[in-house]
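First up is the structure itself, then whatever we jot down about it.
Just so it is clear, none of the values below were taken in a lab; they were calculated from the coordinates. None of the values given here were measured: they were computed from a predicted structure. As a convention, Cβ positions derive from the backbone with ideal geometry for all residues, glycine included, and neighbour counts pool all protein chains shown.
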Amino acid sequence: MKRSTLLIVGLVAVLLIAAVVFLFSGRQRAEGGAPSKEAAAQPRPALTVTVARPESTELTVTLAANGNVAAWQEASIGSESNGLRLAEVRVNVGDVVKKGQVLATFSAETVQADVAQARASLAEARATAADAAANAARARTLQQTGALSQQQINQYQTAEQTAKARVQAAEAVLAAQQVRGRNTQVLAPDDGIISSRTATVGSVVGAGTELFRLIRQGRLEWRAEVTSAELGRVAVGTPAMVTSASGAQVKGRVRSIAPTVDPQTRAALVYVDLPALQQNTAIKAGMFARGEFQLGRTAALTVPQAAVVPRDGFNYLLLLQPDSRVAQLKVETGRRVGDRLEITSQLPEDARIVVQGAGFLNDGDLVRVVEPPIASSASSASSASPASSASAGPARAAAAEPSVK
């Protein structure tokens, strides 16, 4: 009897403890200790994102064009003497020269001999002229006495005039030979840079043979081709930024505009002055270059480039709604400055645009908004580029759609 009583008492105690535990756990569930059915039915955010508002700023209006870089003016330097041997060449391609500098010299022995001969002929002519003048003077003194006939007197006077003419001719010959002597030195006609050299020591060249080419004053110009439809937007003095094939950029200014348009291409040449060749080693004559004419500044609405999502050949923005869901909006884009892109479409006044994570969202997705970290946003902005974002956007969206769903 005692053993059965103890068993009954123990069983009752276990049942009481189980009842207390059951009541306590039920009260915790009623007070919210465990998730309710309503809480379990709430949708979970698809992604954590950052948002930003569109900013109004001023952007530069530009006009793109292509063209060739050429010398402003090229001087052809040749020989003025005929049949002389080239004795010395003092400059080479790329040398900077000054006006009047000696570029090359010819052998002067032949010219010096011709000058000496001309001087001797002039001395002989002057002596003959002096004798003729003395004879004419004596004849004029005897004119009144009748010792000489009028015919003889006229002959003496004619001989005097002929002798004077021969002196003048001899002086002209001497001057011509002296010019030939000076032409044995080839001089630079202007300041500039030697761009071509055909002069060879020891060669005998004829008059007019080109020996050097000179880029006058070292000036270059960009000859941009602008269509007739856009030609009216460019004026003399418009600044331009020229970019070479290597990526080097040079600032220039429009000097003149061609008065005619090519009937084949319907484009006109716009001449843009570039910095001096000595100061600019990235741009060379003969290069093909592209550039932009800076036509002014206009107001524009811009958004971060990461917020623009390219899909199916169009650009979209994800707008944050009051219920923390996103709405997809197709937009038109314009100019780009740094990591910001112009939006030419109309946007709501209070628009909040998803920036980080925009490429992973679909229309109607629920998101959670956080503040963007300053360091990471700055680094992402500096590393973002239009080509990479444009090409990676559709791929990221396509890769992320299954996970979003």
List the equivalent ellipsoid semi-axes of region 158-272 in whole Å, largest first, each obtained as the square root of 5λ for an eigenvalue λ of the Cα gyration tensor. 51, 21, 14
Check which residues have an amide H placed less than 5 Å from Val337's amide H, if you skip close sequence neighbours. Glu342
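Suppose a student asked you for the relative contact order of region 108-182, using Cα pairs under 8 Å spaced at least 6 residues apart; what percent would you report?
Values: 59 pairs, mean separation 38.4, N = 75.
It comes to 51 percent, rounded to a whole number.
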Taking Cα atoms only, Rg over Rh for region 108-182 with Rh from the Kirkwood formula is 1.23
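How would you rank Glu332, Glu74, Glu221, Glu371, going from fewest to most other Cβ atoms within 10 Å of each one's own Cβ?
Working: Glu332 11, Glu74 14, Glu221 23, Glu371 8.
Neighbour counts put them in this order, fewest first: Glu371, Glu332, Glu74, Glu221.
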Gain in span if fully extended, Glu210 to Ile17, counting 0.36 nm per residue against the direct Cα distance: 57.6 nm
Residue-wise HN-Hα coupling along region 315-323, computed from phi with Karplus coefficients 6.51, -1.76, 1.60 (Hz; x: Gly, Pro): 10, 10, 10, 9, 8, 7, 8, x, 8
Take Ala282 and Thr5, extend 7 Å from each Cα along the Cα→Cβ direction, and tell me the distance between the two endpoints in nm. 10.8
Rounded to the nearest 0.05, FRET efficiency between Ala147 and Gln178 (Cβ-Cβ, R0 45 Å) equals 0.50
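Nearest 20 debye, what's the magnitude of the dipole of region 252-302 about its Cα centre given +1 on Lys and Arg Cβ and -1 on Asp and Glu Cβ?
Result for region 252-302 is approximately 60 debye, rounded to the nearest 20.
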Which Cα, out of Gln161, Leu174, Ala137, lies furthest along the positive dipole direction of region 135-250 (beta carbon charges, K/R +1, D/E -1)? Ala137
Run the reach check for Lys164 against aspartates and glutamates, Cα to Cα strictly under 14 Å, same-chain hits fewer than 8 apart removed. What comes back? Glu124, Asp131
Between Gln161 and Asp350, how many nm apart are label points set 7 Å from Cα along the C-beta direction? 11.2
Quarter of Cα convex hull surface for region 210-309, i.e. mean projection, nm²: 10.4
How many times 2.2 N^0.38 Å is the alpha carbon radius of gyration of region 89-228? 1.86
Please compute the length gained on full extension between Arg140 and Glu171, using 0.36 nm multiplied by the number of residues separating them and subtracting their Cα-Cα distance. 8.4 nm
Counted neighbours (other Cβ, 10 Å), sorted fewest up, put Val226, Val369, Val115 in the order Val369, Val115, Val226
Zone residues, region 204-218, relative to Gln117, backbone N less than 19 Å from point 7 Å out along Cα-to-Cβ: 207
Please list, in order, the residues from region 47-90 whose amide nitrogen is less than 13 Å from a point placed 7 Å along the Cα→Cβ vector of Ser107. 83-88
